[in-house]
Structure formats: structure tokens, C-alpha cells
Amino acid sequence: MTILIWIIQLFFVPVISPLIIGVIKKIKAKFQNRQGSSIFQFYKDLWKLMYKDEVVSKDASWIFLYAPFIIFTVTIAVGASIPLFASFLNGPTSDLLVIVYIMAISTFFLSLAGMDTGSAFGGFGSSREMTISALAEGGLIFSLLTVALVSSSTNVFIISGINILNHSQHLLSIMLAFIGFFIILLAETTRFPFDNPSTHLELTMIHEAMILEYSGKRLALMEWASANKLIIFIALGSNLFFPLGIAQNISWLALVIGIIVFLLKILFFSTIIAILESSVAKFRFFRLPDLLITSFILNVIAIVLIN
Amino acid sequence: MLEIITPSVSFFVLLSIFFIGAISSLIYQKNDSIANFLSSFFSIIGSLCGLFFSVSMIIYGKNLSFIINYPYSSFFKISFHIDLLSAFFIFIISLISLFCSIYGVGYLKHFYKKYSIGVFGFFYNLLIGSLLLVVTASNGIFFLIAWEIMSISSYFLVVYDRYDTDNIKAGFLYLIMTYVGTVFIILSFLFIYKYIGSFEFIDIKSGISLIPLSIKNNIFIFTIIGFGTKAGIIPFHIWLPAAHPAAPSHVSALMSGVMIKTGVYMMIRLFVDILQPIPVWWGILILIIGSISSLLGVLYALTEHDIKRLLAFHSIENIGIILLGLGSALIFYSLNMPELALLGLMASLFHTLNHAIFKSLLFLSAGSVINEMHTRNIEEYGGIIKYMPQTAMFFLIGSMAISALPPFNGFFSEWLTYQALFQGVAQLNLSFQGIFIIAASSLAFTGGLALTCFVKAFGIIFLARPRSTKVSSIKESPLSMRIGMGFLALMSILFGLFSGYTSRLLEKIGKDLSIFKDTNYFTSASFYQGIDIKNSFASVSAPIIFVVLIIIIFAVIFIFTFVINKNQKIKIENTWGCGLNLNKRAEITATGFARSIILVFKGILKPSIQNEVEYHDADSRYLPKSRVITIHVKNIYNYYFYQPLRNIINIISLKTKNIQSGNINAYISYIFISLIIALLSVL
């Protein structure tokens, strides 16, 4: 049974992630008074891209060719080492620093792949991506550290197993840290107000600029990995800060409840993201550091408040 | 006169190998290839012996001390004390010098007929030998002699490429800074001698209570300046980004990987071992210095486009990270938490080892590229991965290790450092907690910025299209250089994979120091479980990270290459350039890449742009003939520290000039006055 749960855990992120993209797009379409495409459209897009031929730049090296595989691998590995619907699995790679730094591998190769083709778009996309992720790292580590200190463990499964909301004296810290984390979530998953995931306007794009030269299978993997990253951050945000409904022991009922609750949490988060994207304008690039530093400072206050 | 037991003989044999190497390469300096062979042969053999010696010392946990009395002086004795800490540093020195020497066999060839290889071999072997002396000497005077040999021999290696006047200037700066540092070290030893009456480290340690606290604080400040100058902490680091680019690449690797660590070694030796017990503010100061050095080091690295200066600034950053571990260890010990102190010390020792490995790997692979390109400006590189694929791979591994990406070694020592700092945040009261929060946040931002900097470095050097015509004529470096780099890359992976086992040994080394004799471990480590922090706060397991990542990546590549749409066709085409002809000017430059982050930190880096336009006709100013844009970064340490210092010295020397009138009568009266003062003071 544990093996079965592990298999569900391993495939949960890549299987569900295209759905969130569809849901967010659907909600955004509704806001714009459009019908919008089906919420399963992203699955069809991935399928279509997988079966297309590819064009690769003659300037590209093996970094460009293998980066999609590495980045996708990272999202799968991290997706399997964080609590999704069950808190008792306790993987050996579930230390929060391990997770943060393994995700840094994907940032590293994504940016290198962006530079590899020698296109100006890719280069500037990489530069912007690295600027944002360098500044986001402090906020990310510190927001996770806040919940780790409250539950006195840096293992994300253990954190989600201890319902930190019961520590009512730390409620203010946890909420501050969550706001800080949510800002980082938007930054790392290239959402508004940091990046516009649906634009191809060269002045604004970050993530799309880096993957501009990709096509076919590799583009599919890149897009898919980016969707996986979104679900990973949503899982961290919902299960570490609000670990309600997560399965605490091995029983079918708890697991089914866990999965349903997690899907609801994902729906809730995607609604918030969609509302945000429909109501907020993208920030000017040099205002983004202010937002990231705000996140960092909120987390520092949260940590100081714990003692 | 000689009281020698068997293991000490082996240590003397070790030293004499380097000495023979030095002398013999000097003797055969007429013939470049023989001199190269002799110098490399003896340094390789010596390093191998050093490895065996230090590993056996660490594994058997033996301490070794022996003294050669020098009959004509009471305070000067050639005395050695090799405990596990010394053995650990001998290990680092031998490991790095082994691969640097192998690399040197091929690298030195391009100096043939230009400079004397024999002289190089002499100073090179002398440097390694003196490094070994520095970490084993146990007498203040003897230590200073070894320290001076190290400084002088490295100075001559820095100015080895002497036809370039910049190198002479860099060497001069290095010499001045070294001597400023040495003056402070001598001062601190004299202070100690005044109260203890001996230069022997053992006597100092046993009699440390004789020194009053205020004097001890002075000694602390002096040693921080003295050894901090060698280690390259900000603001005493200015020689480092000048001297490292000047030296031949494998000497840069040796200097950056090993020589600056002798400063760290002496800080550990003095603050953790000899001068204990110490007040808590020492640790706080070291923690703050570590935070500043790591953050400013990486920020200045981002502004550089000279590859070796960039790496030199990263050395400053990593020394900062090492000091974060050391500083937290000192604070914990002063607050009577020896278990956590051991954790902090472990973290700093582990990072010392790891930094030595990946930084020398980066310097060597940068050296291979420079060797082919004959320039250090990364704006002229580009696309080198296609011409030097193996060097590119080694540089990539080094970049990933220094950016602390798992599963390479850098991650595990930074992880330990984080744990030490997190424990400080979790367990101490508010005033100390603040310091630890600052330290942890500087480490977090440093990690992110280092990643940015190495994306920039690797991307601009190796990826995309060549940015100058020189690139198309380069080829992969010779075998011996690739062997040197390859083994260091392997070490980087192995010390990551075996981080559990390594940290077990580091605990043992820490426990060998007298203050940790009865300390319980705060961590437990084994191969499979990796490193566990007690009370299950955190754990990391390198082998499992390895296995997980490797299995998943092979599965992913297999599925998406051979299962889904396996008949996919790949067409090779030009990069899309909006219909324009893509040339090298369409690519992003290193300056452009780092520009946005420099602007974010403009409060610290103070970037400036100078715009010079020359017009075809100066009157109407419509048609610009040429535009020059100079982008500059103001160095705050120059502006706020060295500039005022220089001004003060200038003012003082102008004032003292007044007494120099050129009139003999005045000089005689000076002599007379000073004579009277001397007489009065005697009476």
C-alpha cells in the first residue's frame, strides 16, 4: 500500500499540473467575458507538441538540448519529496534546504539554456530571471524557516504533519510568513506582477524569453515543468502553512479526503492567482526587488516574533 | 639535539622532497623541459606523500610534536606540533597542490623560452613546503619565518609573468598588503610574549590566563587584521583581486584554494584553540565580518568581466562563508553551547576543504581558456563549449559546486553552515538571534547571487556564438591539464557523495581540539543516512539525492526520447533573429547580464555611466560619429576606507616634512633634544 501511495505521489504533480494551467486560463477568460478554451486544453497542447518535429539552433550546445530533461527531472524529484496529500511519507530528500537548492538547479539550467542560442531575447530573459530568483531566495528560505522553527523540524513532511495552526501563539508569524511566501510563489512561478505568462512581448517577458528557441518535445517539457513548478509552490504554500485535511495515516478514507482537499486547495490558489492576474498590472522590472525585499522583511519579522 | 621519532621522520622526508624539488629545478634551469619535469615530479611526489601522511594521521587520530632546539637563542625553537587540525590542512594543501602540479606540467609549456622554468619550480616547491610549515609550526618566531617564506615565494610567483607591467603593480600591492598584515601579526605575538615570556604555542595556551582581557582584545584585533589580510576579508582584500589574475593559473588556484586558507587556519588555531576562553563579542565580530565579506564579495564578483578577478572576488565570498561557520562556533562556545560550537566549526572546516577543491578547479579551467584565448576579458569569449568541451564540463561542475547546487560538495558544507546559523536563530535570545538572522540572510542572498554570477560566467564564456574571431582557432587543452582538472571535478563529486563520512571525520578533527574533548556530537553521520542534526531538526543524505536525481533523469530521458514520438526529426537552423543578421553584437554581454542586479544594489555598488559622444560636426550636433559609454562601479572600501587612510598619511607626511629643513644646525638640535629626552626617561 505504501508503494502505491508513493507511486501516486510521484505521478501526482505531472498529471495534475496541466489541469491547473487550464483552470487558471479558464477563470481568466471568464473575467474577460470570454468563453475560454477547455480546462483540458493544456494536455492537448502538450500532446500536440510531443508529436511535432523540432528546430534547434545551430549555435546551441548540449546544455540547450538536455536542459529540458534536467529541469523536468528536478520538478518531478521535488514534486515527489514534498507533502501533497499525505504527511506520513517522509522522503529522504524532503529537507527544505535540499528542496530549495534542487530547485535552484532548474533555475541554473533554464537560464543557461536561455543564453545558449545567442539570441538577445534569451540572454535578457536569463538576466531577468536570475535577478529575480537571486533576490527571491532569501525570502523563500526564510519563509520556510519560519514554519520550520515553529514545528522544530526542517523536514517538510514533518512540518505538514504537525498542524502548526494549533500553535495559536505563533499565528501572526505564520500569517506574515505566508504573505512573504505567496510573493515568492508569484515570483518563482513567473506570475503577475512579476512576469506575464501569456505574453510574447520582448520588453516584458522573462520565462517565455528563455524558452523562445524551444520547439516540439523540448518546448512541451519546458512548459510542463513550469506547470509542475506552480503546483509544487502551491503544495508548499497550502500544506506547510495550512495543513488541514492532509492524510495523517495510511487509510483509504484519509487518503481520499487528502487528495480531495488538496485538489480544493489547488483550485482555491489558482482562483486567487487568476483573480490577481485579472486585476493587477505587471510591475515595472525595477520595482520587483521592492516586492521581494518586502517578502524578505515580512519573514524576518515573522522569525523574530516566534521567540 | 634531534629528538626524532619515526612519524616525524616521515614529515621531514615530506618537507625535504619539496626542498629537493626546489633546488634541483633551480640547478637545471638552463633546460626548460628538464626543470619543468623536476619541479613537477617532486611536487607531485611530495603531494602524494603529504596525502598519505595526513590521511593516516587523521584516521589513526595521532598527535605529533617534536622540537629541534636552536642552541643560540632561548626563544627560537624549530618546533612542530601536528594535531588533527594541522593534518587536515596538510591534507587540503597536498590535495590541491597534487592536481595543480599535474596541471602545471602542461600549463608551463607556454612559458618555455620566455621565462625561466627553473626559477618557477624553485618558488613553486618552496611555496608548497612553506605552506606545510605554516600549518605545523608551533613556535611564534618559527611560524613567522615560515609565513614570510610563504609570502615571498608567492610574491615571486605573482610577478612571474613580469613583462606585463600590470603584474608588477599587482605584485607590489600584494607585497605591501602582506607586510601590513605581517606587522600586525608580529605585534600580536610580541604582546603575547610580553605576558607569557615564550613564543611556544603550548606555553601560550597553558599560560593564557596571565594575559589581561584588554590586551587579549588588542591581540584579537591585531590577529584579525593580520590573518584577515591573508584570508582576504573585506576591507583588507584589495590585494586578492589584483594578485590572483597576475599569477599563472595553477598558482592562482594554489593561492586561492590553499594559501588564503592559512589565514583561516591561524584564526581557528588562535581563537578556538590557543586563546580560549574568549569574550562573546569576538565571535559576533567574526560573524559580522563573514556576512559583509560574503555579500560584498559576491556583489563585486557580479560587476567583474575579468574571469580571474571574478573568481578572486568569489574567494572573498567563500572566506566569508567559512567565517560564518567559525563565528557561530565561537559565539556558541562562549555561550556555553559546545555541541553547537562543534557543528559550526565542522561547517567551516568542511567549507574550507570544499572551497579549496572547487575554487582551484575553477581557476584551472579558467586558466585553460585563458591559455588558448590570451585574454582574461570574458566579453571576448563565447561559444567555447564547442571547442573545449571537456574544460567546459569541468567549469560547469565547478560552477555548480560553488553555487551550492546538490549533489556537489559545496551544497553540503553550506547546508551545515545554514544548520549552525538556524540553531542560533532557534535557540538564542533576541539580541544574539538578530546577529544570526543577519548572518543567515546574508548566506541566503549570497547563494542566490553566486548562482547568478556563475550563470553569467558560464553562459558568457562557454555558450552562444563566439564574441571575437580568436575563438575559432582555439583547441582543447593538453592531457595533463585535463587530468588535473578532471580529478578535481571528481573530488568535487566524491566529497559531495561522501559528505556523511567526511563530516564524521571532521567531527573527529574538531574533537581533537582541547575545548571539544568532552563535547557530544550534535550531528550524526553515516554514508546512507548522510548528515543528521540531533533532535531530528534536519537531515540530508547525499547518496539518496544522487540516486533519486540520476534514476529520474534517466527515466525522463528514456521516456521522452525513445518512447514518445521516437521518430521525431530535429532540424538544425539559425537562431531566430527577427529577420536580421545575427552577429556577436546581438548577444547579451557579461556587463549587460549583470546590469540589472547591479542597479538593484545601486546603494552599495554605486554604478555610474559616462556617455561620450563625438559628432561629425561639432556645431549642429546631429550626426554622432562615435559613442563611448563607460560603465563604472565605485568601490566603497576604496572610497570610505583607503581614500581617507591615504589622505591621513599624506597630511601626516606633509606635516613631518616641515621639520626637515635642510639646515644642519636644526638637525643637531634635534639630536640634542632627543638625547635629553632619552636621558630624562632613563633617570
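The values are calculated or read from the model by the stated rules, or taken from the named source; none is laboratory data. Remember, it's a predicted structure, so these values are computed and weren't measured experimentally. Cβ placement follows ideal geometry from the backbone for every residue including glycine, while neighbour counts extend to all protein chains displayed.
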*Within the set of pairs 6 or more residues apart or between chains, which connect a residue that is outside the structural domain of B:I629 (by TED's automatic domain parsing) inside region B:568-595 to a residue that is exposed (fewer than 13 other Cβ atoms within 10 Å of the Cβ) and part of a loop (DSSP other than H, G, I, E, B) with Cβ atoms less than 6 Å apart?*
B:I572/A:K58
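Select, from B:S101, B:S73, B:S138, the only residue that is hydroxyl-bearing (S, T, Y), modelled with pLDDT under 95 and surrounded by fewer than 22 Cβ atoms within 10 Å (Cβ to Cβ).
B:S73
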*Report, ordered by the first and then the second residue, all pairs with beta carbons closer than 6 Å, sequence separation of six or more or different chains, a first member in region B:261-288 that is more than 12 Å from B:Y333 (Cβ to Cβ), and a second member that is outside any helix (DSSP H, G or I) and among the charged types (D, E, K, R).*
none
*Give just the number: which of (1) surrounded by fewer than 17 Cβ atoms within 10 Å (Cβ to Cβ); (2) in contact with a strand residue (DSSP E or B) (Cβ under 6 Å, 6 or more places away or on another chain); (3) charged (D, E, K, R) does B:E200 not satisfy?*
(1)
*Can you tell me which residue in region B:541-555 is modelled with the highest pLDDT, limited to those that are in contact with a Pro (Cβ under 9 Å, 6 or more places away or on another chain) and facing another protein chain (nearest Cβ under 7 Å)?*
B:L549
*Here are some residues: B:V633, B:V600, B:V628. Which one is among the aliphatic types (A, V, I, L, M) and more than 30 Å from A:L288 (Cβ to Cβ)?*
B:V628
_I'm checking my understanding of the structure. Among residues of region B:629-658 that are aliphatic (A, V, I, L, M) and at pLDDT below 85, which one is surrounded by the fewest Cβ atoms within 10 Å (Cβ to Cβ)?_
B:I629
*Does B:Y193 meet the test of being modelled with pLDDT under 95, surrounded by fewer than 17 Cβ atoms within 10 Å (Cβ to Cβ) and either assigned to a helix (DSSP H, G or I) or of a type in the set (D, E) (or both)?*
yes
*Just a yes or no: is a residue in region B:506-524 part of a strand (DSSP E or B), within 14 Å of chain A (Cβ to nearest Cβ) and over 23 Å from the mean Cα position of the chain (by Cα)?*
yes
*Restricted to region A:49-72, and to residues that are surrounded by fewer than 19 Cβ atoms within 10 Å (Cβ to Cβ) and either more than 7 Å from every other protein chain (Cβ to nearest Cβ) or without any contact (Cβ under 8 Å) to a residue 12 or more places away in the chain (or both), which residue is nearest to A:V156 (Cα to Cα)?*
A:Y66
*Keeping to region B:426-456, report how many residues are at pLDDT below 90 and of a type in the set (A, V, I, L, M).*
3
*Conditions: (1) within 14 Å of chain A (Cβ to nearest Cβ); (2) touching a Lys or Arg at 6+ places or on another chain (Cβ under 7 Å). B:Y615 meets all but one. Number of the miss?*
(1)
_For region B:373-409, give me each residue that is in contact with a Ser or Thr (Cβ under 7 Å, 6 or more places away or on another chain) and part of a helix (DSSP H, G or I)._
B:E379, B:E380, B:I385, B:K386, B:T391, B:F394, B:F395, B:I397, B:G398, B:A401, B:N409
*Counting only residues that are in a helix (DSSP H, G or I), more than 20 Å from the chain's Cα centre (by Cα) and closer than 28 Å to B:A555 by Cα, how many does region A:1-40 have?*
6
*Which of (1) surrounded by 18 or more Cβ atoms within 10 Å (Cβ to Cβ); (2) away from every other protein chain (no Cβ under 12 Å); (3) not hydrophobic (A, V, I, L, M, F, W, C) is the odd one out, the single condition A:N299 does not satisfy?*
(2)
*Is it true that some residue in region A:34-44 is at positive phi and surrounded by fewer than 23 Cβ atoms within 10 Å (Cβ to Cβ)?*
yes
*Go through (1) within 14 Å of chain A (Cβ to nearest Cβ); (2) within 43 Å of the chain's Cα centre (by Cα); (3) loosely packed, with under 15 Cβ neighbours inside 10 Å and name the single condition B:F562 misses.*
(2)
*Can you name the residue in region B:633-662 that is hydrophobic (A, V, I, L, M, F, W, C) and assigned to a helix (DSSP H, G or I) and, of all such residues, is nearest to B:S293 (Cα to Cα)?*
B:I636
*asked:* I'd like the full set of residues that are within 15 Å of A:N196 (Cα to Cα), within 14 Å of chain B (Cβ to nearest Cβ) and in contact (Cβ under 8 Å) with a residue 12 or more places away in the chain, limited to region A:265-296.
replied: A:F283, A:F285, A:L288
*Determine if region A:188-199 includes at least one residue that is within 14 Å of another protein chain (Cβ to nearest Cβ), within 22 Å of A:A67 (Cα to Cα) and part of a helix (DSSP H, G or I).*
yes
*Name the one entry in A:T131, A:T75, A:T154, A:T117 that is more than 9 Å from every other protein chain (Cβ to nearest Cβ) and buried (at least 23 other Cβ atoms within 10 Å of the Cβ).*
A:T75
_So in region B:454-469, with the set limited to residues that are at the interface with another protein chain (Cβ under 9 Å from one of its Cβ atoms) and either in a helix (DSSP H, G or I) or β-branched (V, I, T) (or both), which one is surrounded by the fewest Cβ atoms within 10 Å (Cβ to Cβ)?_
B:F458
*Which of the residues spanning region B:408-442 are within 9 Å of another protein chain (Cβ to nearest Cβ) and within 23 Å of B:F498 (Cα to Cα)?*
B:F411, B:E414, B:W415, B:Y418, B:Q419
_Failed condition for A:L212, given (1) assigned to a helix (DSSP H, G or I); (2) within 14 Å of another protein chain (Cβ to nearest Cβ)_ = (1)
*Filter result (away from chain A (no Cβ under 14 Å), surrounded by fewer than 23 Cβ atoms within 10 Å (Cβ to Cβ) and under 20 Å from B:L362 (Cα atoms)) within region B:470-481*: B:I474, B:K475, B:E476, B:P478, B:L479, B:S480
_Looking at region B:582-605, can you tell me whether even one residue there is facing chain A (nearest Cβ under 7 Å), surrounded by fewer than 15 Cβ atoms within 10 Å (Cβ to Cβ) and either within 36 Å of the chain's Cα centre (by Cα) or of a type in the set (V, I, T) (or both)?_
yes
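Matching residues to (1) more than 10 Å from every other protein chain (Cβ to nearest Cβ); (2) more than 22 Å from A:G139 (Cα to Cα):
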{"position": "A:A80", "(1), (2)": "no, yes"}
{"position": "A:F85", "(1), (2)": "yes, yes"}
{"position": "A:F88", "(1), (2)": "yes, yes"}
{"position": "A:G91", "(1), (2)": "no, yes"}
{"position": "A:Y101", "(1), (2)": "no, no"}
{"position": "A:I105", "(1), (2)": "no, no"}
{"position": "A:F109", "(1), (2)": "no, no"}
*Determine whether region A:185-197 contains at least one residue that is out of contact with any strand residue (DSSP E or B) (no Cβ under 8 Å at 6 or more places or on another chain), at pLDDT below 90 and on the phi > 0 side of the Ramachandran plot.*
yes
